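Accompanying notes for the structure given below.
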Amino acid sequence: MALDLDTDYWDKDVVKSEEPKEYNTLNVGPTHPATHGVFQNVMLMDGEFIVSTEQTIGYIHRAFEKIAERRPFYQITPLTDRLNYCSSPINNMGWHMTVEKLLGIETPKRVDYLRIVIMELARIADHIICNSVIGVDSGALTGFTYIFQDREFIYEIYEEICGARLTTNMGRIGGFERNFSTKAWEKIRYFLKTFPRHLQEFENLLARNRIFMDRTINVGPFPADRALAYGFTGPNLRACGVDYDVRVMNPYCSYDEFEFIVPIGQNGDTYDRFIVRQEEMKQSMHIIEQAIAKLDKMEDKDTYYASDPRFVLPPKEKVYNNMEALIWHFKIVMGETDIPVGEVYHCVEAANGELGFYLVSDGGRTPSRLHFRRPCFIYYQAYPEMVMGNMLSDAILTMSSMNVIAGELDA
Amino acid sequence: MFQIIPDRNQLVVAKLTDHFGEAIERHEVITDMLCITVNKEVINEALLFLRDDKEMQFNFLTTLCGMHYPEKEQLGLVFHLHSFVNNQRIRIKTSTDMSNPVFPTSTTIWPSANWMERETYDFYGILFEGHPNLVRILNVDDMTDFPLRKDFPLEDQTREDKDDSMFGR
């Protein structure tokens with residue numbers, strides 16, 4: 001909260017200078033522990049108050065949209081990993097759903113439920129990082145060290161499913177590359193049992209902590225109409241009071257069969273963003289529990305990919321033993337399949353908002369144009385307006401509560 | 001007010017063609033989204049009309065990206081709009097000749113178009129009239145090429161050590 005100093009009393013002996021104000025320039029970044037990733041802010045400061053900021057991004061621009069024009073669809077999944085690398089399974093699943101929309105593949109229900117389990121785990125992982133780092137940026141490091149053990153456990157779950165921890169390259173177009181192992185299910189159930197208690201422990205450290213509340217309430221507030229004009233989506237927009245969630249507005253992957261609440265805030269300040277993310281983690285747990293209940297009730301426990309041999313890579317056992325599977329595998333990998341001409345836009349609710357994929361296909365093996373609608377890139381434009389006139393420490397907390405991930409900023 | 005209108009796509013097309021006539025060049029529904037191709041002359045008015053009309057209310061610019069059509073020698077723009085009130089998404093396309101790739105800016109309609117237009121300028125060289133700060137955003141400032149055009153090669157052509165003849169890039 002900004003201090004309300006009585007300047008008439010305190011400054012009455014100060015001789016007010018007639019000269020114009022002198023501003024300092026402070027360079028925050030690109031290598032700075034407070035910016036989570038490489039992006040730069042050159043701030044013009046009047047003492048401790050920020051007059052204006054100038055942003056420079058593009059330090060981690062890896063030309064994904066250009067590379068994607070030369071890669072077959074299944075080779076673009078590793079590119080999508082590296083967008084918002086804190087929750088890469090969501091990016092992977094979003095991309096697979098985009099291609100399935102273009103090719104007209106319908107995934108079986110079991111695949112949908114497995115995807116929902118993974119996407120919600122990824123959302124929890126991303127929110128763990130964001131919320132604990134808000135604490136770290138305000139000086140509270142304890143919560144970070146405890147809750148990060150749960151993020152490590154989520155990475156162990158990913159490892160059981162796809163082999164990788166951070167950049168998961170998980171799943172295939174049409175489903176998954178293998179069924180979830182018993183070890184993976186054991187870990188998921190163990191996580192469901194233990195995480196709520198750890199989350200509550202973490203929340204008890206910060207959510208009603210006097211110091212944390214003083215540091216975050218009314219810091220970086222943003223009205224809802226400005227947020228909509230700036231293209232905010234996700235927890236940042238929900239903290240401003242607009243309940244826009246892609247899972248509810250345009251349901252995909254059977255999300256309409258699940259019951260969950262969309263938490264919203266009031267002022268759009270840092271505290272609201274923190275609390276919205278906390279509540280979303282609890283709702284994600286609720287969704288995972290419902291998905292596991294549905295999966296347990298299903299008799300079929302073996303399907304893990306859609307049966308569309310034209311586009312879905314067959315499992316390796318079949319490729320080595322079955323002639324048709326070998327032929328289909330060859331055709332798909334070498335690009336001899338009939339990809340339809342067309343264009344499709346598909347969006348998913350990523351941890352930061354609406355992650356969209358605009359895919360234009362000209363019938364060839366690679367996309368003709370692939371554009372990523374990256375939520376971070378779009379809402380980070382509003383940062384100068386959010387911090388103008390505030391103090392530097394408030395600006396640092398605003399930046400970390402917006403959850404700006406450099407990979408998604410630059411692509 | 002949300003009204004139950006059976007086919008919102010038809011409503012949008014009807015309103016646009018009533019208002020702009022011949023400037024609406026094509027409209028079709030591709031996979032589940034209405035795509036409307038608009039002539040470059042009226043693109044700004046069309047977007048403002050889509051945003052402000054009380055029955056359509058496309059208040060959210062989802063994304064804006066550039067396109068290069070090398071066979072027609074044109075550069076284009078693709079807008080994805082979203083109406084939160086009616087839960088409707090549409091795609092608006094325009095194009096212009098490569099000799100004069102200038103479009104009016106949409107930052108007056110939606111401030112979120114600011115960086116999106118900078119990115120489009122960075123990648124395609126499309127200029128936006130009236131943009132407050134049209135400089136490169138993701139590439140280095142002194143770059144002279146526009147990398148996402150189809151004639152810009154993906155890899156460095158001066159390398160001697162790689163043979164890409166089998167898996168052409």
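General observations
- The listed residue being assigned to a helix (DSSP H, G or I) and more than 12 Å from every other protein chain (Cβ to nearest Cβ), out of A:SER400, A:SER307: A:SER400
Per-residue answers, yes or no, for (1) within 11 Å of another protein chain (Cβ to nearest Cβ); (2) in a loop (DSSP other than H, G, I, E, B):
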| residue | (1), (2) |
| --- | --- |
| A:HIS329 | no, no |
| A:ILE332 | no, no |
| A:TYR345 | yes, no |
| A:GLY389 | no, yes |
| A:ILE396 | no, no |
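- Flag for B:LYS15 being away from chain A (no Cβ under 14 Å), surrounded by 12 or more Cβ atoms within 10 Å (Cβ to Cβ) and not hydrophobic (A, V, I, L, M, F, W, C): yes
- Residue that is surrounded by the most Cβ atoms within 10 Å (Cβ to Cβ), among those in segment A:30-65 that are acidic (Asp, Glu) and within 10 Å of chain B (Cβ to nearest Cβ): A:GLU65
- Which listed residue, of A:ARG178, A:ARG172, A:ARG210, A:ARG189, is over 30 Å from A:GLU100 (Cα atoms) and either over 23 Å from the mean Cα position of the chain (by Cα) or touching a residue at least 60 places away in the same chain (Cβ under 8 Å) (or both): A:ARG210
- Checked against the criterion of being in a loop (DSSP other than H, G, I, E, B), more than 10 Å from chain B (Cβ to nearest Cβ) and under 26 Å from A:SER132 (Cβ atoms), the candidates A:PHE260, A:PHE232 yield just one match: A:PHE260.
- Inspection of segment A:66-81 finds no residue satisfying the criterion of being more than 30 Å from A:LYS331 (Cβ to Cβ), surrounded by 18 or more Cβ atoms within 10 Å (Cβ to Cβ) and either in the same structural domain as A:MET170 (by TED's automatic domain parsing) or aromatic (Phe, Trp, Tyr) (or both).
- Within segment A:331-359, the residues that satisfy the criterion of being buried (at least 20 other Cβ atoms within 10 Å of the Cβ) and under 23 Å from A:LEU313 (Cβ atoms) are A:ILE332, A:ILE339, A:VAL344, A:HIS346, A:VAL348, A:PHE357, A:LEU359.
- For A:THR107, the conditions (1) away from chain B (no Cβ under 14 Å); (2) not in a loop (DSSP other than H, G, I, E, B) all hold with the exception of (2).
- Number of residues in segment B:34-74 that are in a strand (DSSP E or B) and within 12 Å of another protein chain (Cβ to nearest Cβ) equals 12.
- In segment B:106-117 there is no residue that is crowded, with 21+ Cβ neighbours inside 10 Å, more than 14 Å from chain A (Cβ to nearest Cβ) and touching a residue at least 12 places away in the same chain (Cβ under 8 Å).
- Single residue of A:MET97, A:MET93 found to be at pLDDT 95 or above and within 14 Å of chain B (Cβ to nearest Cβ): A:MET97
- Residue match in segment B:151-164 (condition: within 14 Å of another protein chain (Cβ to nearest Cβ) and either touching a residue at least 40 places away in the same chain (Cβ under 8 Å) or in a helix (DSSP H, G or I) (or both)): yes
- On the stretch given as segment B:118-135, residues that are facing another protein chain (nearest Cβ under 10 Å), in contact with a Phe, Trp or Tyr (Cβ under 7 Å, 6 or more places away or on another chain) and surrounded by fewer than 24 Cβ atoms within 10 Å (Cβ to Cβ) total 0.
To keep it simple, each residue is scored yes or no on (1) closer than 30 Å to A:VAL51 by Cα; (2) touching a Cys at 6+ places or on another chain (Cβ under 6 Å); (3) of a type in the set (S, T, N, Q).
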| site | (1), (2), (3) |
| --- | --- |
| A:LEU355 | no, no, no |
| A:TYR358 | no, no, no |
| A:GLY364 | no, no, no |
| A:SER368 | no, no, yes |
| A:TYR380 | yes, no, no |
| A:TYR383 | yes, no, no |
| A:THR398 | yes, no, yes |
| A:ALA406 | yes, no, no |
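- Candidates B:PHE79, B:PHE84, filtered to the one that is more than 24 Å from A:VAL360 (Cα to Cα) and within 14 Å of another protein chain (Cβ to nearest Cβ): B:PHE84
- Residues being assigned to a helix (DSSP H, G or I) and within 11 Å of B:LEU127 (Cα to Cα) - total across segment B:95-117: 1
- Some residue of segment A:135-145 being surrounded by 24 or more Cβ atoms within 10 Å (Cβ to Cβ) and among the hydrophobic types (A, V, I, L, M, F, W, C): no
- Note on segment A:347-364: residues that are in contact with a helix residue (DSSP H, G or I) (Cβ under 8 Å, 6 or more places away or on another chain) and either more than 9 Å from chain B (Cβ to nearest Cβ) or in a loop (DSSP other than H, G, I, E, B) (or both) amount to 10.
The values are calculated or read from the model by the stated rules, or taken from the named source; none is laboratory data. Every value quoted in this text rests on a predicted model; they were computed, and no experiment measured them. Because the Cβ atoms are built from the backbone with ideal geometry, glycine has one as well, and the counts that use them run over all protein chains shown.
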